[in-house]
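K.L.:
Before we start, here is the structure in question, set down as structure tokens.
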Amino acid sequence: MSTKQKLLQTLEENRETYLSGEVLASTMNVSRSAIWKAIKGLKEAGYEIESTTNKGYRLKSESDRMSAEGIHPWLSSTNRELELIVYQTVGSTNQEAKKLALEGAKTGTVIIAEEQTQGRGRMGRSFYSPPKSGIYLSLVLRPDVAARDAVLLTTGASVGVCRAIKKVTGIDTQIKWVNDIYMGDRKIVGILTEAVTNFENGQFEFVIIGIGLNFKQPEAALPKELEDIVGTLFNAKPDALTRNRLAAEIINEVLMICDDLTNRSFLEEYKTHSMVLGKQIKVFRNNEWEVATALDISDEGGLMIRNQFGQTETLNSGEISIRKLE
Amino acid sequence: MELNIETIQALAKIMSAEKLTSLALDQGNLKIEIKREIGAAQPAGITYQEPPIAATAPLPHYTQPVAAEAIEIAETAHWKEIKSPMVGVFYQSSQPGNPAYVTKGQHFSEGDTLCIIEAMKLMNEITAETPGTIMEVCVGNGQVVEFGQVLYRIVED
């Protein structure tokens with residue numbers, strides 16, 4: 001780690017405290033002029049650093065740039081060795097993760113971007129990913145389960161994200177089956193999970209869990225077609241919270257659930273967060289929308305419904321809507 | 001097909017000529033289901049010119065020489081089946097409107113994506129283990145497949 005990286009991590013770890021050049025130099029075991037040079041370098045890279053005579057340096061509270069150094073201090077002890085790769089701009093973090101996975105990236109490798117130019121959802125839909133306002137994160141996993149048991153990954157990931165949001169912001173969020181996360185009636189998180197399977201033994205080569213979270217209002221206005229659908233966790237950056245902090249917690253919580261998938265205890269939590277259970281919904285299949293009632297979640301994360309003919313059945317794929325009822 | 005008295009009459013003629021026992025037509029997504037049950041009880045009130053086929057009478061297919069069947073088996077004996085590793089929806093392409101990853105007769109290389117199976121919003125790419133050629137695509141785009149269901153029949157290089 002370079003002096004600049006070490007300095008950034010120290011500043012991120014101590015955001016509330018001023019650290020003098022002298023203290024920084026002695027803890028990092030470098031000269032004071034090396035600290036001064038590193039501060040200058042960070043400022044040039046766009047970090048907003050307050051420097052006050054007699055007190056020292058600290059990151060401004062509005063400073064909120066995604067970085068490995070900013071995430072690392074908040075990772076749980078078991079995740080400290082994970083490889084964190086942070087890009088300023090990338091086509092899509094899932095695409096990048098897939099490329100790295102094919103080249104042999106280890107389980108738990110994290111790819112993060114400040115901005116995605118081709119952020120995407122399922123079936124080639126796009127995911128609006130403007131800079132400085134979201135968390136765009138992909139995890140490479142190599143789970144040791146058969147493909148047919150791994151369907152719980154998507155429900156597991158959504159519970160992990162809800163837990164992380166609750167833990168660092170106190171905000172309760174809801175899940176729309178399968179794995180869209182809402183605050184009120186606005187979608188604030190989208191999850192795209194992609195796997196590559198070896199058909200010979202039915203085992204995953206790897207799985208990429210891509211998470212896109214709208215943290216605060218972007219500088220540019222939302223595209224018109226998203227105005228009534230998409231929301232953000234906050235209007236503006238809260239003083240004591242950074243996107244790095246939340247990203248670290250998402251990594252911690254999602255990995256904890258996904259490492260122990262067959263322990264289905266998270267499904268109870270999934271049900272309490274569900275915004276569809278007990279509700280009238282519409283189900284899209286055979287190219288049309290059918291009315292149904294959402295009853296429960298199965299042990300595999302499937303949505304149990306009462307269909308238009310009064311029969312009970314479990315959905316394991318397809319699209320549902322609460323909105324389309326109106 | 002427009003349903004009027006002429007088409008119904010035409011269909012009835014086909015039914016009687018082919019000795020069909022039922023014919024279902026679903027114009028919504030153009031579904032046609034035709035059945036010929038051997039020895040099935042004929043609906044009352046309808047008399048046929050010809051006697052109903054006896055249950056023991058073989059259909060033309062089964063009267064083909066044995067040799068022809070044997071050749072067919074020999075040709076497909078080295079075909080390999082690619083089966084679905086999970087219950088889910090079969091997709092032939094990465095997104096609607098995109099060309100299929102592979103089609104009948106197409107050659108593919110090791111590591112190529114053949115299709116996607118989606119379950120619980122998990123998009124699962126099935127990749128080729130060895131280079132080969134697609135001999136048969138066994139399921140339709142958007143169809144729900146079972147665990148172990150055959151998706152493709154292939155011949156390895």
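K.L.:
Given the condition in a loop (DSSP other than H, G, I, E, B), of a type in the set (Gly, Ala, Ser), surrounded by fewer than 22 Cβ atoms within 10 Å (Cβ to Cβ) and in contact (Cβ under 8 Å) with a residue 40 or more places away in the chain, answer yes or no: does some residue in segment A:238-259 qualify?
P.N.:
Within segment A:238-259, one or more residues are in a loop (DSSP other than H, G, I, E, B), of a type in the set (Gly, Ala, Ser), surrounded by fewer than 22 Cβ atoms within 10 Å (Cβ to Cβ) and in contact (Cβ under 8 Å) with a residue 40 or more places away in the chain.
K.L.:
I'd like the residue in segment A:172-182 that is more than 12 Å from every other protein chain (Cβ to nearest Cβ) and in a loop (DSSP other than H, G, I, E, B) and, out of all such residues, is nearest to residue A:230 (Cα to Cα).
P.N.:
Going residue by residue through segment A:172-182, those that are more than 12 Å from every other protein chain (Cβ to nearest Cβ) are A:172-174, A:181-182.
Remaining after also requiring in a loop (DSSP other than H, G, I, E, B): A:172-173.
Numbers: A:172: 17, A:173: 14 Å.
Step by step, filter segment A:172-182, then rank; the result is A:173.
K.L.:
Only one of these conditions is not met by residue A:205: (1) surrounded by fewer than 24 Cβ atoms within 10 Å (Cβ to Cβ); (2) touching a Ser or Thr at 6+ places or on another chain (Cβ under 8 Å); (3) in a loop (DSSP other than H, G, I, E, B). Which number is it?
P.N.:
(3)
K.L.:
Contact list please: Cβ distance under 6 Å, first residue in segment A:217-230 and over 18 Å from residue A:189 (Cα atoms) and of a type in the set (Phe, Trp, Tyr), second residue at pLDDT 90 or above and not in a loop (DSSP other than H, G, I, E, B), pairs at least six apart or on different chains.
P.N.:
From residues that are over 18 Å from residue A:189 (Cα atoms) and of a type in the set (Phe, Trp, Tyr), there are no pairs.
K.L.:
Moving to a separate point now. Filter segment B:124-144 for residues that are closer than 26 Å to residue A:156 by Cα and either surrounded by 22 or more Cβ atoms within 10 Å (Cβ to Cβ) or touching a His at 6+ places or on another chain (Cβ under 6 Å) (or both) and give the result.
P.N.:
Selection gives B:124, B:126.
K.L.:
To continue, here is another question. Of everything in segment A:132-154, what is farther than 16 Å from residue A:107 by Cβ, surrounded by 18 or more Cβ atoms within 10 Å (Cβ to Cβ) and away from every other protein chain (no Cβ under 14 Å)? Give them in sequence order.
P.N.:
A:133, A:134, A:135, A:136
K.L.:
Further question on the same structure: Somewhere in segment A:157-171, is a residue within 11 Å of another protein chain (Cβ to nearest Cβ), modelled with pLDDT under 95, part of a helix (DSSP H, G or I) and crowded, with 24+ Cβ neighbours inside 10 Å?
P.N.:
No, every residue in segment A:157-171 fails to be within 11 Å of another protein chain (Cβ to nearest Cβ), modelled with pLDDT under 95, part of a helix (DSSP H, G or I) and crowded, with 24+ Cβ neighbours inside 10 Å.
K.L.:
Report yes if residue A:232 is at pLDDT 95 or above and polar (S, T, N, Q), otherwise no.
P.N.:
For residue A:232, the condition - at pLDDT 95 or above and polar (S, T, N, Q) - is met.
K.L.:
Within segment A:146-166, can you find the residues that are over 14 Å from residue B:124 (Cα atoms) and not charged (D, E, K, R)?
P.N.:
Of all residues in segment A:146-166, those over 14 Å from residue B:124 (Cα atoms) come to A:155-166.
The answer is A:155, A:156, A:157, A:158, A:159, A:160, A:161, A:162, A:164, A:165.
K.L.:
Out of segment B:106-130, which residues are farther than 18 Å from residue B:91 by Cβ and either modelled with pLDDT under 95 or among the polar types (S, T, N, Q) (or both)?
P.N.:
B:109, B:110, B:111, B:129, B:130
K.L.:
Test residue A:292 against the criterion of being more than 25 Å from the chain's Cα centre (by Cα) and either away from every other protein chain (no Cβ under 14 Å) or not in a strand (DSSP E or B) (or both), and give yes or no.
P.N.:
For residue A:292, the condition - more than 25 Å from the chain's Cα centre (by Cα) and either away from every other protein chain (no Cβ under 14 Å) or not in a strand (DSSP E or B) (or both) - is met.
K.L.:
Also, I was wondering about something else. Would you be able to tell me the number of residues in segment A:295-326 that are away from chain B (no Cβ under 14 Å) and assigned to a strand (DSSP E or B)?
P.N.:
Total satisfying the criteria: 6.
The values are calculated or read from the model by the stated rules, or taken from the named source; none is laboratory data. Here the structure is a predicted model, which means the values were calculated and not measured. Because the Cβ atoms are built from the backbone with ideal geometry, glycine has one as well, and the counts that use them run over all protein chains shown.
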